[in-house]
Amino acid sequence: MKKHIAPLTQGLTGRLRIPGDKSVSHRSVMFSALGSTPVRITNFLHAADCLSTVACMKALGADVQMVNDTELIVTGHGLHGLQEPACILDAGNSGTTLRLLMGLLAPQPFLATFTGDASLSKRPMGRVIKPLSQMGAKIVGRKDNTLLPITVCNPGKKLHGMTYESPVASAQVKSAILLAGMFADAPTTVVEPVTSRDHTEKMLAAFGVPTEKKGTAVTICPVADDAYVAPASIEVPGDISSAAYWLVLASLVPGSRLVLENVGTNITRTGILDVLEAMGANIVRENVRTSGGEDAADLVITAAKLHGTTFGKDLMPRLIDEIPAIAVAALFAEGDTVITGAGELRVKETDRLQAIADEWNKVAPGSVEAGEDSLVIHGGTPVQCAEARSYDDHRMAMSLAILGAAGQGVIIDRPDCVNISYPVFYDTFQSFMG
Ligand code: S3P
């Protein structure tokens, strides 16, 4: 099946409620499943990735009641109450499900085997297996313990606390180690090259588990059973990674004035706002508040003339998932945009660095040059309607959709992958088509 996206003929106006944050939704279910009292989770992201986490936590013994699409009640059996799954745990397309659960299950006294889809089966897992093994975990996987399928089989020994200098700035790696560290025999510290998103640290605090941050280092201490206390409820803020498509499109299409309601604005996630503002975008924060321990705001975007910019590795963890959307803004901006230190894009749901170069060059020939960890985007390159590949990668599909809408249209193959993080994306899109 292919999706034809027509050019937008009018600006984006009105108000739009952004679906729940994917990272926070995953964590809300996992952490609630370690409590012993019911947790009501609201504004949960009802999308394939988060449903993979729900299925895994059920297989591990948690009780999950869906009240409706975006509200659920999760009840666990205590910090040591996870049960050996009777089936293989399927993480689907979700790196967050797999990597965080490896950390959570590494200390548990039972065996668990993970599988995932074709994309996840190619993504590097050594970055989590290696540090967990250094803590004493027993984990085996394909290709010398680097790829799915993966089995975690702790004979019941306590893991050792340690200090780990992570070569990558990755919240999934950091979170996996911190979760394992809760069950270790001594404090565990993760040091990152640049601080990654801190939803794990923030949410653990709401469960009575403190972490200590010094520079780019985060430390967690072993957690006593009675110290882990689930909150009665968790409200998930809207996902700035989903808001990204509308931030860019409304900036580009003349006549737009759009209000995005309830967007999570955790500082470890707002790199896209900094970059778009540096490009000349007009974004105003209103109704600034906290939502479930996370910063949130309504974002008001008015169309503006954008110009190229330059950014690199220090900003990367704060906008890593938004690079495809930013690359759309860059294509329609005046002048070049230079992005460096973006090697992590090569190990996302697809090699997004190459995918951006290949697909943008179909729609706007000669517009993008990809280096090993960099992109140069020549803004203002003429665009045409073309057929482009999503690579079954949700963020590629949505970015191509806004590229077509801001330009001359686009035909996207395998468009349904948006279900991974934003199932109502095309419906919302249609509502702007007039
Ligand atoms: C995520 C962390 C990031 C991000 C992913 C979600 C998380 O991955 O790209 O979409 O929820 O922790 P890395 O940790 O690999 O950077």
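The values are calculated or read from the model by the stated rules, or taken from the named source; none is laboratory data. On a predicted model such as this, the values are computed, not experimentally measured, just so you know. No Cβ is skipped: glycine too gets one built from the backbone with ideal geometry, and neighbour counts run over all protein chains shown. Note: areas computed on protein heavy atoms with side chains; ligands, DNA, RNA excluded. Shrake-Rupley method; radii C 1.70, N 1.55, O 1.52, S 1.80 Å.
Model label points for Ser431 and Gln65, set 7 angstrom from Cα along the Cα-to-Cβ axis, are 3.0 nm apart. Post the alpha-carbon centroid distance, the stretch 207-279 to the stretch 39-111, in whole angstrom. Taking the Cα centre of each part, the stretch 207-279 and the stretch 39-111 sit 21 Å apart.
Mean separation of Cα pairs under 8 Å and 6 or more residues apart, divided by the residue count, gives the stretch 1-56 a relative contact order of 39 percent. Go ahead and collect, in residue order, the members of the stretch 404-423 whose backbone nitrogen is under 16 Å from a label point 7 Å along the Cα-Cβ direction of Arg17. Residues passing the 16 Å test: 423. On full extension, the segment bounded by Gln10 and Thr113 gains 32.0 nm, given 0.36 nm per residue less the C-alpha separation. Counting only alpha carbon atoms, the long axis of helix 95-105 and the longest principal axis of the chain meet at about 10°. Each pair of Cα atoms in the chain enters the Kirkwood radius, and Stokes-Einstein at 4 °C and 1.567 mPa s then converts it into a translational diffusion coefficient of 59 µm²/s. Along the axis of the charge dipole computed for the chain (Cβ charges of +1 for Lys and Arg, -1 for Asp and Glu, origin at the Cα centre), the listed residues Ala386, Met162, Ile323 are led at the positive end by Met162. Per residue, the stretch 17-61 exposes an accessible area of 23 Å² to a 1.4 Å probe, with every protein chain left in place. What the phi angles of the stretch 11-16 give under the Karplus curve with 6.51, -1.76 and 1.60, with θ = phi - 60°, is a coupling list of x, 8, 9, x, 10, 9 Hz, glycine and proline written as x.
Distances between placed amide hydrogens fall under 5 Å for Asn154 paired with Phe110, Lys138, all partners being 5 or more residues away or on another chain.
Our coupling estimate for the stretch 274-279, obtained by passing each phi through the Karplus curve with A = 6.51, B = -1.76, C = 1.60 and θ = phi - 60°, is 4, 5, 4, 5, 5, 8 Hz, Gly and Pro reported as x.
Dipole check for the stretch 310-434: with +1 at the C-beta of Lys and Arg, -1 at the C-beta of Asp and Glu, and the Cα centre as origin, the magnitude is about 120 Debye. The share of Cα pairs per 10 Å bin across the stretch 1-98, counted from zero up to the longest distance, runs 15, 40, 24, 12, 7, 1 percent. By the helix-only formula, in which each DSSP H run with n ≥ 4 contributes -39500 (n - 2.57) and the sum is divided by residues, the chain has a 222 nm mean residue ellipticity of -9000 deg cm²/dmol.
Gain on full extension, evaluated as 0.36 nm per residue between Val284 and Gln134 minus their Cα-Cα distance, stands at 49.4 nm.
Taking all Cα pairs closer than 8 Å and separated by 6 or more residues, the relative contact order of the stretch 176-332 comes to 23 percent. Please state, as a whole number in µm²/s, the translational diffusion coefficient that the Stokes-Einstein equation yields for the stretch 114-194 at 20 °C and 1.002 mPa s, with Rh defined as the Kirkwood radius across alpha carbon pairs. Translational diffusion coefficient: 164 µm²/s. Given the options Lys22, Lys202, Lys214, state which has the largest fluctuation in a GNM of the chain using a 10 Å cut-off (strictly under) for Cα springs. Judging by the Gaussian network model, the answer is Lys214. Placing unit charges on each Cβ (+1 for Lys and Arg, -1 for Asp and Glu) gives the chain a dipole about its Cα centre, and among Ala206, Ala303, Ala364 the Cα reaching farthest toward its positive end belongs to Ala206.
Convex hull volume of the C-alpha atoms in the stretch 316-434, normalised per residue: 96 Å³.
Computed from Cα atoms, the angle from the helix 352-363 axis to the main principal axis of the chain rounds to 20 degrees. Note: relative contact order over the chain, using C-alpha pairs below 8 Å and six or more positions apart, is 17 percent.
Since only Ile272, Pro187, Pro107 are under comparison, the one whose Cα sits farthest along the positive direction of the charge dipole of the chain, derived from C-beta charges on Lys, Arg, Asp and Glu, is Pro107. Put a plus charge on the Cβ of each Lys and Arg, a minus charge on the Cβ of each Asp and Glu, and nothing anywhere else: the dipole of the chain about its Cα centre is then about 440 debye. Charged side chains reduced to their Cβ positions (Lys and Arg at +1, Asp and Glu at -1) give the stretch 161-236 a dipole of some 220 debye around its Cα centre.
Within the full protein context, the accessible area of Glu277 is estimated at about 80 Å² for a probe radius of 1.4 Å. For the stretch 191-196, backbone phi angles converted through the Karplus equation (6.51, -1.76, 1.60; θ = phi - 60°) give residue-by-residue couplings of 10, 10, x, 9, 5, 9 Hz, Gly and Pro being listed as x. Taken along the Cα-to-beta-carbon direction at a fixed 7 Å, the label points for Ala86 and Lys213 span 4.3 nm. Length gained on full extension, Asp274 to Arg257, computed as 0.36 nm times the residue gap minus the Cα-Cα distance: 4.2 nm.
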